[in-house]
Every structure is written in structure tokens, then in C-alpha cells.
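The numbers here are math on the coordinates, done by the rules we state, and not lab data. Note that this is a predicted model, so its numbers are computed, not measured. Cβ: placed from backbone, ideal geometry, glycine included. Neighbour counts: every protein chain shown.
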Amino acid sequence: MTTVLATVAAALFGTGTYLVLQRELTRMLIGLSLLSHGANVVLLVATRGRGRPTFVDGRDDPSAFLDPLPQAFALTAIVITFGVTCFLLAIAYRSWVLTQDDTVHDDSEDVRVRTDPGIERTNLAASGVTADTTEAEGR
């Protein structure tokens, strides 16, 4: 059973990572959700099977109790994921209202800096870096 859950967690992490790296905000949101589900499955595997509840009546052997820490981590992960999902939904909605598209486009200033080689030299010269120092440092 542990191997199956580890495989499921790996599939969730892989698919989630693939979707987070896409340009559409809805795919990023689904990818984040899959990543969080994968983390919860890993926390489920970390509980190491079944056992007695942690707090019952105090007469049982403490070595048979379950560790409550993975359960607390899972609840914390669920709450954090919910907050981040709400934030990403707000960003996706705002992007849709402004552009009628959920694709994240390149920033025009970043494109200008990337395509104009003179800007890079100007910024380096303004910061006190010369061609001699970049060659000496191996840049």
C-alpha cells in the first residue's frame, strides 16, 4: 500500500509541476492544487499505517498510539493551500476582467531589455562593472 501511495504522490507532484510551469493561470491553479494533494498524500504515508488514536482514555500503551504530527501538518497544508488558491483565483479573475484572457504574457520592459544588448552594457557600466572585471570574474 505504501508503494501505491508513493506512486500516486509522485504522479501528483509530476503533473502538478508540469501544470504550474504553463502560461495559463487556470492551469497554474490546478497544478498548485495537485502539488498540495501530493504533499498531503506524502503526509498520509508518513503516518506509517494504522494505530490507536492519540488521546483515548489514558490506559493504553503509548507505543501503539499514532503520531499526531503528520495529521497536524496535513491540516496546516490544507489551510495554506486554501489561502493560496483563493489568492490565485482573485489574480486570475482580475486578469480575466482586464484582458479577457488568462494567459500570463511577458512584461514589455523585460522583452525590451532582453532584445536590446546596449541596455545590459549601460546597466553594468552604471553599477561600476567594466568589461575587464567581467572577464576576470568569468561572466
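Mind ranking 83-91, 103-111 by how tightly packed they are, going by the mean number of other C-beta atoms within 10 angstrom, highest first?
Peptide ranking by packing, descending: 83-91, 103-111.
Subtracting the Cα-Cα distance from 0.36 nm times the residue separation, let me have the gained length for Thr103 to Thr2 in nm, one decimal.
Between Thr103 and Thr2, full extension yields an extra 32.6 nm.
Between Leu89 and Ala46, how high is the FRET efficiency from 1/(1 + (r/R0)^6) when r is the Cβ-Cβ distance and R₀ = 25 Å? Nearest 0.05.
Result of the calculation: an efficiency of 0.30.
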